[in-house]
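One structure is given here, and the rest of the page talks about it.
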Amino acid sequence: MASQLVSKTDKLELGKMFSSEDKNGDGHLDKTELVACFKKMGYVLTDLEMKDLFEHIDIDKNGKIAYTEFIAAAVDS
C-alpha cells in the first residue's frame, strides 16, 4: 500500500539508496546500514534517536529493515 503512494521517480531513488546501503546484499538494512543511509541524506541522529527510529521502522520487529518497511517509513516522513 505505502509503495503506491510514492512516485515512480522517488521509488527508484529510494530503491537505489536502499540497495547501495545493503552492504551484505541480504535484502535488509541493519542498524549500521540504516545509520549510513541517513548520513547520506544529511541526517545525523543520536544513538537514542536512531534506536527509536529503527524500532519504529521495523514493523515486523525482526531486527532488520526490509525494503517495504523502508518505503513505508519514507512515505510516513
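What is the sum of charges, Lys and Arg at +1 and Asp and Glu at -1, for the other residues whose Cβ falls under 10 Å from the Cβ of Cys37?
Net of charged neighbours comes to -1.
Report Rg/Rh for region 6-76, rounded to two decimals, where Rg is the Cα radius of gyration and Rh the Kirkwood radius. Don't skip to the answer; put the middle values down first.
Values: Rg = 11.3 Å, Rh = 12.2 Å.
For region 6-76, the value is 0.93.
Can you give the relative contact order of the chain as a percent, counting alpha carbon pairs under 8 Å and 6+ residues apart?
That works out to 39 percent.
Compute the helix-to-body angle for 31-40: its Cα long axis versus the longest principal axis of the chain, expressed 0 to 90° and rounded to tens.
60 degrees
Bear in mind that the values in this text are calculations on the coordinates, not laboratory data. Values in this document were obtained by computation on a predicted structure and should not be read as measured data. For neighbour counting, all protein chains shown are included, and Cβ atoms are generated from backbone atoms with ideal geometry for every residue, glycine included.
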